[in-house]
Amino acid sequence: MVVGQDGQDAEDAESREDSSTYILPDSGSHRYTAGELSDLSDWELYLARNEIFARRGREFRNEDLQRYFESQSWYTPTYSPDDFDARTSTLLNDVERANAETILKLEQSRGSQYI
């Protein structure tokens with residue numbers, strides 16, 4: 001499932017092809033609400049939260065995440081988990097941080113097994 005911003009117009013037409021493999025194609029520019037994310041499964045929320053980090057080049061210790069993102073054409077691992085985590089404040093913008101937090105809170109409220 002891909003969650004996009006309502007009313008999206010042709011401004012991102014060029015990136016739509018690439019965004020088709022994203023769970024949250026607008027995670028860097030649109031603050032998602034819990035309501036917009038509520039139809040995602042726990043697995044999709046887990047992937048969506050980590051997709052925000054993967055798009056910025058984070059590698060993962062969890063084999064399931066690393067395998068999933070390595071299968072994505074857009075993924076370019078650049079930072080070890082420790083290096084990325086130390087630089088999160090400079091690597092992620094405010095919207096990405098807010099989205100990751102919103103997703104995590106939703107996962108926690110559901111008691112997701114993927115936290």
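Points to keep in mind about this one:
- For F84, the conditions (1) modelled with pLDDT under 95; (2) more than 18 Å from I23 (Cα to Cα) all hold with the exception of (1).
- Selected residue (criterion: nearest to Y22 (Cα to Cα)) from residues of the range 46-81 that are outside any helix (DSSP H, G or I) and hydrophobic (A, V, I, L, M, F, W, C): W74
- For the range 72-114, a residue qualifies if it is free of Cβ contacts under 8 Å to residues at least 24 places away in the same chain and closer than 15 Å to A48 by Cα, and the qualifying residues are Y75, R97, E101, Q108.
- Residue match in the range 17-40 (condition: at pLDDT below 95 and charged (D, E, K, R)): yes
- Within the range 21-57, considering residues that are open to solvent by 30 Å² or more (accessible area, probe 1.4 Å), touching a helix residue (DSSP H, G or I) at 6+ places or on another chain (Cβ under 6 Å) and free of Cβ contacts under 8 Å to residues at least 60 places away in the same chain, the one nearest to E101 (Cα to Cα): R49
- Subset tally (residues that are of a type outside the set (A, V, I, L, M, F, W, C) and within 13 Å of the chain's Cα centre (by Cα)) for the range 72-115: 8
- The residues in the range 88-115 that are outside any helix (DSSP H, G or I), modelled with pLDDT of 95 or more and either open to solvent by less than 20 Å² (accessible area, probe 1.4 Å) or within 20 Å of R61 (Cα to Cα) (or both) can be counted, and the count is 4.
The values are calculated or read from the model by the stated rules, or taken from the named source; none is laboratory data. Everything numeric in this text was worked out from a predicted model, so none of it was measured. Cβ atoms come from the backbone with ideal geometry, glycine included; neighbour counts cover every protein chain shown. Just the protein is used for accessible areas: all its heavy atoms, side chains included, with ligands, DNA and RNA removed. Shrake-Rupley method; radii C 1.70, N 1.55, O 1.52, S 1.80 Å.
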